[in-house]
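**Student:** For reference, the structure I am asking about is given below.
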């Protein structure tokens, strides 16, 4: 579904990504792992049209979407849950969630999905009339993910899902994402918590210093000695 | 057994009708590292905010080194020797790294250094201690994630605190960086600073904490040695989840 | 390294000596222009203390200016004080007023603070308009002074003083405290800075300088009424000059005042229509290309175009 070919990109004269290629097949969960500064966010920003690449292409279902405007890319069915939440802090939790469904017209579907989000994250239902910015960090993370899910995207991109979440919350999220995936959503997970990422995804890519150094099924990657040492801390 | 340097008795914080922190009582013993864990929204940061005076307490009392802390404005708490880092780091963006840390040195415990020159030297020392001195003159908004966290820590350290409250400093760090951070925190303790560490990174909490305090819905769930707390069924059910239960690693 | 530290002060003293000789060398018109320029520069530099360093953009500093003008006016005409004493009072009275008004108002942030200070200035004008002792609507007539040189040197002296204060702020513990408040007030408080006290002191100093300038101004133009000394345009000018030059720097507001006052003077003689648009155009220019002020661009030397292009891109126009 999503294909990145030979992508090179950076910010203001500093090149971060070097010739990155990867594929996210329709209906699968894929993950890109790597440390801080490896270039994961840069890759996402390029894919979603926030920065222009220096070279290379981004294709969605074979269609070239390189350097299209972000709104156009969202309209094609890609939703990103950004790192650091980026909620609207003065709006209520409920409004933040409903805003996620901005592009949808099916009011019944929206209501059903909102109920489903509340089922996934009961604390959000409890706090639905509170300003989103008044919640704790982890609760805000849940709200950001919920907002992303409300868009009912074809491709859901999650940037640093696990940041600041209690371990038990990760269990809930992993379960939720499995359900979302079973419903037909393709998921692309960009993560630093390699253990969680490999739990969820079937295909993995390892990014180091702006290059893809390893690729394959997560089952294989899990037993790769370099991965074990550098990322799983084993 | 060492002496309690900071005590909290019945600390409560309500927002409207809702208690974010409810009747929390604990001791922070001199020289220890106390881990504070709990599900998201359990009141950990709110508790730190009340202790440091960023928020007023609805009820209860916090005492430090023989003085009552509750009711004091946050700048006075800082001057008395209690420092904290923020979960979402708050750098002074238009200043350089060393200038950021200098502010800590200029205004910290007992009012800090009076002279800018002295503060600069102190700041440089602290930056060397946290291994960020190679970025001294870099603009604060040009740092990457682990560097930003270290600067936040350096700023708090430059205040020469006796007690340091860390709020999720490990979030966003990879395994190697986490090890380095754990190491750094241990070295901070060796300097005689008492620490309270809020974290979700279990590896770090296990390695660091002398004791662990668990919050749940604003109340203390349990408190004790890591081995006991992390194996407690209630903690597993409320916080750790199955990955820790299954793996039996706790 | 040691030599560099002394270049700036030596140049400044030399410039000062040259400037001090000016009244004898320049035409009366030019002298008036320079006195006005000094006044604007002082106002910009004094605004810089609360607006640039502390980050609390006051839109009401003209209130202190006018208060200083009236304090001087009343003390000289109604109480027979000497100029020197009246000017001293023109510094002290607005300073105390600023501290008093600051208590409630400095609790507000950003836009709310701006509006509240604007309100204070407007209210003050109305109050003065309606009160007997200030001469109400008719205003006050001051004794005529002998030479413009007096005002030239008074304004110059105050300008030097306020610039030195700014220079001190840029390197002192107090200054770091103000900057920390500007950058992140919560973090500043957590680090031990008594933000209320610091903000109030900054506001008071800013008010004192604006006030004494108002006092000199009153004596200079020999007639004051509410509309002459409580003009909103004065506030706007001092802010634009400080921001255009570089808010939070020492030389920025001076540079801003020099450039903008000169250009404005030129324009008003050449292209009267453009002069009206001038302030607005400057604001747009600053917002687009140099939000940190002219000083940042000038310092980049060769790289100045790149700096401006980057600013344009960063702020996504």
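The values are calculated or read from the model by the stated rules, or taken from the named source; none is laboratory data. Remember, predicted model here, so these are calculated numbers, not experimental data. Note that each Cβ is placed from the backbone with ideal geometry, even for glycine, and that neighbours are counted across all protein chains shown.
**Student:** Examine segment A:24-39 for a residue that is in a helix (DSSP H, G or I) and surrounded by fewer than 22 Cβ atoms within 10 Å (Cβ to Cβ), and state whether such a residue exists.
**Tutor:** Just the residues of segment A:24-39 that are in a helix (DSSP H, G or I), to begin with: none.
Looking through segment A:24-39, none of the residues is in a helix (DSSP H, G or I) and surrounded by fewer than 22 Cβ atoms within 10 Å (Cβ to Cβ).
Matching residues to (1) in contact with a helix residue (DSSP H, G or I) (Cβ under 6 Å, 6 or more places away or on another chain); (2) in contact (Cβ under 8 Å) with a residue 40 or more places away in the chain; (3) under 23 Å from residue A:178 (Cβ atoms); (4) within 13 Å of chain B (Cβ to nearest Cβ):
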position: A:188; (1), (2), (3), (4): no, yes, yes, no
position: A:192; (1), (2), (3), (4): no, yes, yes, yes
position: A:195; (1), (2), (3), (4): no, no, yes, yes
position: A:201; (1), (2), (3), (4): yes, yes, yes, no
position: A:204; (1), (2), (3), (4): yes, yes, yes, no
position: A:212; (1), (2), (3), (4): no, yes, no, no
position: A:217; (1), (2), (3), (4): no, no, yes, no
position: A:227; (1), (2), (3), (4): yes, no, yes, yes
position: A:231; (1), (2), (3), (4): yes, yes, yes, yes
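**Student:** Moving on. Which residues, counting only those in segment B:106-130, are more than 11 Å from chain C (Cβ to nearest Cβ) and either farther than 23 Å from residue B:180 by Cβ or free of Cβ contacts under 8 Å to residues at least 24 places away in the same chain (or both)?
**Tutor:** Result: B:121, B:125, B:128.
**Student:** Considering only segment A:54-86, how many residues are buried (at least 21 other Cβ atoms within 10 Å of the Cβ) and at pLDDT 85 or above?
**Tutor:** 5
**Student:** Could you tell me whether any residue of segment C:158-178 is exposed (fewer than 15 other Cβ atoms within 10 Å of the Cβ), over 18 Å from the mean Cα position of the chain (by Cα) and more than 14 Å from chain B (Cβ to nearest Cβ)?
**Tutor:** Taking every residue of segment C:158-178 in turn, none turns out to be exposed (fewer than 15 other Cβ atoms within 10 Å of the Cβ), over 18 Å from the mean Cα position of the chain (by Cα) and more than 14 Å from chain B (Cβ to nearest Cβ).
**Student:** Okay, next question. Which of (1) out of contact with any strand residue (DSSP E or B) (no Cβ under 8 Å at 6 or more places or on another chain); (2) within 14 Å of chain B (Cβ to nearest Cβ) is the odd one out, the single condition residue C:118 does not satisfy?
**Tutor:** It is condition (2) that residue C:118 fails.
Residues checked against (1) in contact with a strand residue (DSSP E or B) (Cβ under 9 Å, 6 or more places away or on another chain); (2) on the phi > 0 side of the Ramachandran plot:
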{"position": "A:143", "(1), (2)": "no, no"}
{"position": "A:178", "(1), (2)": "yes, no"}
{"position": "A:186", "(1), (2)": "yes, no"}
{"position": "A:197", "(1), (2)": "yes, no"}
{"position": "A:201", "(1), (2)": "yes, no"}
{"position": "A:209", "(1), (2)": "yes, yes"}
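**Student:** A further question follows. Would you mind telling me which numbered condition in (1) within 24 Å of residue B:123 (Cβ to Cβ); (2) more than 12 Å from every other protein chain (Cβ to nearest Cβ); (3) crowded, with 21+ Cβ neighbours inside 10 Å residue B:158 fails?
**Tutor:** Failed condition: (2).
**Student:** Looking only at segment C:201-211, decide whether some residue is farther than 30 Å from residue C:77 by Cβ, modelled with pLDDT of 95 or more and either within 11 Å of chain B (Cβ to nearest Cβ) or within 18 Å of the chain's Cα centre (by Cα) (or both). Outline the logic, then answer.
**Tutor:** Here is the first cut: in segment C:201-211, the residues farther than 30 Å from residue C:77 by Cβ are C:201-202.
Filter again for modelled with pLDDT of 95 or more, leaving C:201-202.
Those left that are additionally either within 11 Å of chain B (Cβ to nearest Cβ) or within 18 Å of the chain's Cα centre (by Cα) (or both): C:201-202.
There is at least one residue in segment C:201-211 that is farther than 30 Å from residue C:77 by Cβ, modelled with pLDDT of 95 or more and either within 11 Å of chain B (Cβ to nearest Cβ) or within 18 Å of the chain's Cα centre (by Cα) (or both).
**Student:** Taking residue A:162, is it closer than 16 Å to residue B:40 by Cα, surrounded by fewer than 21 Cβ atoms within 10 Å (Cβ to Cβ) and either away from chain B (no Cβ under 14 Å) or touching a strand residue (DSSP E or B) at 6+ places or on another chain (Cβ under 8 Å) (or both)?
**Tutor:** Numbers: closer than 16 Å to residue B:40 by Cα: yes; surrounded by fewer than 21 Cβ atoms within 10 Å (Cβ to Cβ): no; either away from chain B (no Cβ under 14 Å) or touching a strand residue (DSSP E or B) at 6+ places or on another chain (Cβ under 8 Å) (or both): yes.
For residue A:162, the condition - closer than 16 Å to residue B:40 by Cα, surrounded by fewer than 21 Cβ atoms within 10 Å (Cβ to Cβ) and either away from chain B (no Cβ under 14 Å) or touching a strand residue (DSSP E or B) at 6+ places or on another chain (Cβ under 8 Å) (or both) - is not met.
**Student:** Let me ask something else. Hey, which of the helices (runs of 4 or more DSSP H) in segment C:194-297, taking only ones fully inside, have at least 1 residues that are without any contact (Cβ under 8 Å) to a residue 60 or more places away in the chain? I'd like the intermediate steps shown before the answer.
**Tutor:** On the way: elements: C:195-221, C:226-229, C:232-245, C:252-270, C:272-289.
It comes to C:195-221, C:232-245, C:252-270, C:272-289.
**Student:** Of the numbered conditions (1) more than 24 Å from residue B:206 (Cβ to Cβ); (2) surrounded by fewer than 23 Cβ atoms within 10 Å (Cβ to Cβ); (3) away from chain A (no Cβ under 14 Å), residue B:98 fails exactly one; give the number of that condition.
**Tutor:** (2)
**Student:** Being in a loop (DSSP other than H, G, I, E, B) and crowded, with 18+ Cβ neighbours inside 10 Å: is that true of residue A:139 here? It would help to see each step written out before you state the result.
**Tutor:** Values: in a loop (DSSP other than H, G, I, E, B): no; crowded, with 18+ Cβ neighbours inside 10 Å: yes.
So residue A:139 fails the test.
**Student:** If residue A:181 passes every condition in (1) more than 9 Å from chain B (Cβ to nearest Cβ); (2) in contact with a helix residue (DSSP H, G or I) (Cβ under 9 Å, 6 or more places away or on another chain); (3) crowded, with 19+ Cβ neighbours inside 10 Å but one, which one does it miss?
**Tutor:** (3)
**Student:** Can you say whether residue B:178 is within 12 Å of the chain's Cα centre (by Cα), without any contact (Cβ under 8 Å) to a residue 40 or more places away in the chain and surrounded by fewer than 22 Cβ atoms within 10 Å (Cβ to Cβ), as far as the supplied structure shows?
**Tutor:** Numbers: within 12 Å of the chain's Cα centre (by Cα): no; without any contact (Cβ under 8 Å) to a residue 40 or more places away in the chain: yes; surrounded by fewer than 22 Cβ atoms within 10 Å (Cβ to Cβ): yes.
Criteria not met by residue B:178.
**Student:** Further question: Limited to segment C:179-193, what total is found for residues that are under 23 Å from the mean Cα position of the chain (by Cα) and either touching a residue at least 40 places away in the same chain (Cβ under 8 Å) or not in a helix (DSSP H, G or I) (or both)? Please lay out each step first, then the result.
**Tutor:** First, the residues of segment C:179-193 that are under 23 Å from the mean Cα position of the chain (by Cα): C:179-183.
With either touching a residue at least 40 places away in the same chain (Cβ under 8 Å) or not in a helix (DSSP H, G or I) (or both) added as a condition, the list becomes C:179, C:181-183.
Summing the residues that are under 23 Å from the mean Cα position of the chain (by Cα) and either touching a residue at least 40 places away in the same chain (Cβ under 8 Å) or not in a helix (DSSP H, G or I) (or both) in segment C:179-193 gives 4.
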